[in-house]
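The values are calculated or read from the model by the stated rules, or taken from the named source; none is laboratory data. Fair warning: this is a prediction, and the values are worked out from it, not measured in the lab. Heads up, the Cβs are rebuilt from the backbone with ideal geometry, glycines too, and the neighbour counts pull from every protein chain shown.
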There are 2 protein chains.
Amino acid sequence: MSLTKYQFRAQFRCTNESCRKTYPLHQVIYSCDSCGELLNVEHDIDSLKQVSAKEWKSEFESRFRSSQFPNASGVWGKKEWVLPGISDENIITSGEGTSHLYDASRLAKDLGLASLHVKQCGVSHTGSFKDLGMTVLVSQVNQMISDGVPIQAVACASTGDTSAALASYAAKAGIPSIILLPANKVSTAQLIQPVSNGALVLALETDFDGCMAVVKELTKEKSIYLANSMNSLRIEGQKTISVEITQQLGWKVPDWIVIPGGNLGNVSALGMGFEMMYELGLIDKLPRIILAQAKNASPLYESFKKGFADFSPVTAEKTLASAIQIGDPVSVKKAIRVLKKFNGIVEVATEEELANAAARGDLYGLYNDPHTGVALAALLKSVESGVVGKGESVVVISTANGLKFTEFKLAFHEGKIPNIDEKLKNRIQSCKPNLSGVMEILGKQLKKP
Amino acid sequence: MSLTKYQFRAQFRCTNESCRKTYPLHQVIYSCDSCGELLNVEHDIDSLKQVSAKEWKSEFESRFRSSQFPNASGVWGKKEWVLPGISDENIITSGEGTSHLYDASRLAKDLGLASLHVKQCGVSHTGSFKDLGMTVLVSQVNQMISDGVPIQAVACASTGDTSAALASYAAKAGIPSIILLPANKVSTAQLIQPVSNGALVLALETDFDGCMAVVKELTKEKSIYLANSMNSLRIEGQKTISVEITQQLGWKVPDWIVIPGGNLGNVSALGMGFEMMYELGLIDKLPRIILAQAKNASPLYESFKKGFADFSPVTAEKTLASAIQIGDPVSVKKAIRVLKKFNGIVEVATEEELANAAARGDLYGLYNDPHTGVALAALLKSVESGVVGKGESVVVISTANGLKFTEFKLAFHEGKIPNIDEKLKNRIQSCKPNLSGVMEILGKQLKKP
């Protein structure tokens, strides 16, 4: 099927309902110059409605994992829903999306669920879901440069997955990247991906907020493009995860989706993806959402307990789930809107709960990072409490690769995480170097099948 | 298209040309009980020839894009070529295969190549190409258990990627796994994946060869199934990489494939995949192969220089490419046969060459492990020497995820790898915490676009 006869369009629109000013996507702008609020990418839904739901599904299926550029990417196979105006030759892709939907059938059975799938966003080029959004941002910058917009570099303040994704995609494009980080608070190990990808990595004698302030000033100049999450282009890529999950389930919407939340951009994107499918008729119901927070950084949980009546930032305490150690989330308004619409709940996980839940999942073949641990712990608690019912279908979003968290895994199995009981720890056992030595230990452990 | 009307068959056959004894795949056997040689899986090619090359291509393409079990796996989408007799319900898959073929177009241009792609086998469930073979082995064991073969556990001697893959797939299947390793020679960090996946990990007071001897004794008993690479079931999964690469290139065979080699099972599998496609008419030429070895462990290079006239094992010296630090490769005979048939060459990389080649690739957006560094270094040397010609097309096999090698990346960029010049090292720079501080550094680095 050819969609070339249609004209699809998108633009920035101010999220302030009483402003709603619009801007073209090739303008270097991150917040409304009129009222200061954040922007969204708004699609011309009427033009997308010219294609039937059945045609969209068939088109997305035929493009999924196509070996041809750019449809080998799960994001760019849905280009009309993401950045309809971009020219293919400016797309910078590393095969993001199309991550496996891991069928944790044994665990589902043990929990009494109809099904439990884990969306493996960490099995991706830079090892986290950030690739989904960064391919869109860097491709759009590449388009703007080729259109003559004088952009010299892309920049962000970040200590983790965002900087890894930005540096890698920028390197692929041949665009310089700049990473600002607080000196003495971040180890080289946390930054070794962008260092390897040749980013200009600057350590500033300030805290993270200080770095954010400098990067905002730096990018005011417009020749350096801001890649932090206030840039809504990234959401456009991230929202494709909803389409992929639904497609991988044979266009069936699961009863529940569990997603860890810190800055809350990811749950906003998840919601936008499902809303778009609903509006265009690809699905006829929305899933319920469990937004999972680390108890040590759970401002949204506090708000949820009061029916989202109000929201107060907190000072986040240290958590093993370091990427969601955020007390004042940027995307809180968007997230609350989504949770209300999706009849969602917020659940929390203590350090002990998240660490043991990650380890429990590993015993079924996964290799969970602590953020996926937060999501799994929230699911276990919700099954226990009956909020998630027996026989329901669940998808857990795994946001990062466990290989990024070797220290966490080691500390857990060596019993060295402070103040928690590592109930599920495993250990390496000493054994005599012969058959009888092995059999002696095996005799205690193995049963006849 | 339905292939159910055909009967496809496979069996074990002794690789000794003067023996050629056969065994059914559900027999617990790893080497010929008559002559002691290794076994191969042999397919009934005549039955496969009943399907035309065009039909195979179209079938593989449509399955590759499937999100449904078991075709969401790149290995099981080619089931008839892998294990035709297995029942779908016994397949244990974690979405192996379908890894991205990364288009390193900027690097290709800089090297004067027509194209350069990197097959990202490390972006997979357990972070290495071993998943491709282990899904086959564990699925076959699962089939045998369900057929009543009294298997209690799977076992291997390994310190790295093999044990990670075995433990994960066994955990998914709910089959106990046993890992034997030499005590005091392997860190917990190297074993943290199987430890996390609940394997019984035993440390023996001996060296690696000692562990291999014990695991061979242990698995003689037949209720514990051997998962080391002498088990040829794994090759069946690994060979699908050739089909995937060719398919991802639009069924065009590249001029060259570069692959790192230690135990040499991987290059044997690569060759078998191309030979099978050639025999069944899917392709009409074979690629040339560059087998890349670390200079510190390069017995095959020594043999190659003498036209493969003979082969002598060596004592491998320490190399950053730890997984191919092997002086006496198990699959050397198979590998030499493949290299002769594919007009292949062997090239070596010093520690300095492999480390800098890995880093050079990173500057184009990759994140290379040291083994991929060996392959890239061999390519750079072959382009330099003119063996790989300007305008040729090249695919490099990346065997593992760079995220498994944080220490290597850190040591490189901190300039701490002994006795080498880290020419391409990058560093984190101190910067005053304000705009002018950043601009001062930027002014020296950025040019107007």
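Worth a mention:
- The condition of being touching a helix residue (DSSP H, G or I) at 6+ places or on another chain (Cβ under 9 Å), under 18 Å from A:Ala400 (Cα atoms) and either within 7 Å of another protein chain (Cβ to nearest Cβ) or surrounded by fewer than 24 Cβ atoms within 10 Å (Cβ to Cβ) (or both) does not hold for A:Gln152.
- Being at the interface with chain A (Cβ under 7 Å from one of its Cβ atoms) and part of a loop (DSSP other than H, G, I, E, B) is not true of B:Pro418.
- Against the conditions (1) surrounded by fewer than 19 Cβ atoms within 10 Å (Cβ to Cβ); (2) more than 30 Å from A:Ala227 (Cα to Cα), A:Cys35 satisfies every one except (2).
- Residue that is in contact with a Cys (Cβ under 7 Å, 6 or more places away or on another chain), within 26 Å of A:Lys404 (Cβ to Cβ) and in contact (Cβ under 8 Å) with a residue 60 or more places away in the chain, where the choices are A:Asn263, A:Asn228: A:Asn228
- Residue in the range B:100-111 that is out of contact with any Asp or Glu (no Cβ under 9 Å at 6 or more places or on another chain), hydroxyl-bearing (Ser, Thr, Tyr), within 14 Å of another protein chain (Cβ to nearest Cβ) and in contact (Cβ under 8 Å) with a residue 40 or more places away in the chain present: yes
- Per this entry, A:Lys130 is not counted among residues that are modelled with pLDDT of 95 or more, touching a Phe, Trp or Tyr at 6+ places or on another chain (Cβ under 8 Å) and charged (D, E, K, R).
- Some residue of the range B:1-17 being among the polar types (S, T, N, Q), surrounded by 13 or more Cβ atoms within 10 Å (Cβ to Cβ) and in contact (Cβ under 8 Å) with a residue 60 or more places away in the chain: yes
- Checking the stated criteria, A:Gly160 turns out to be more than 10 Å from every other protein chain (Cβ to nearest Cβ), farther than 15 Å from A:Val28 by Cα and surrounded by fewer than 24 Cβ atoms within 10 Å (Cβ to Cβ).
- The residues of the range B:198-223 that are without any contact (Cβ under 8 Å) to a residue 40 or more places away in the chain, assigned to a loop (DSSP other than H, G, I, E, B) and among the small types (Gly, Ala, Ser), listed by number, are B:Gly198, B:Ala199.
- Residues satisfying the stated conditions in the range B:170-188, i.e. in contact with a Ser or Thr (Cβ under 6 Å, 6 or more places away or on another chain) and either within 8 Å of chain A (Cβ to nearest Cβ) or surrounded by 24 or more Cβ atoms within 10 Å (Cβ to Cβ) (or both): B:Ala170, B:Ile179, B:Leu181
- Of all the criteria given as (1) more than 14 Å from chain A (Cβ to nearest Cβ); (2) in a helix (DSSP H, G or I), the one not satisfied by B:Leu410 is (1).
- Selection status of B:Leu116, away from chain A (no Cβ under 11 Å) and either among the small types (Gly, Ala, Ser) or in contact with a Leu (Cβ under 9 Å, 6 or more places away or on another chain) (or both): yes
- Looking only at the range A:421-438, and only at residues there that are out of contact with any strand residue (DSSP E or B) (no Cβ under 9 Å at 6 or more places or on another chain) and surrounded by fewer than 16 Cβ atoms within 10 Å (Cβ to Cβ), the one that is nearest to the other protein chains (Cβ to nearest Cβ): A:Ser436
- Residue list for the range A:376-397, restricted to those being under 27 Å from B:Ser177 (Cα atoms) and either away from chain B (no Cβ under 14 Å) or surrounded by fewer than 24 Cβ atoms within 10 Å (Cβ to Cβ) (or both): A:Ala377, A:Leu380, A:Val396
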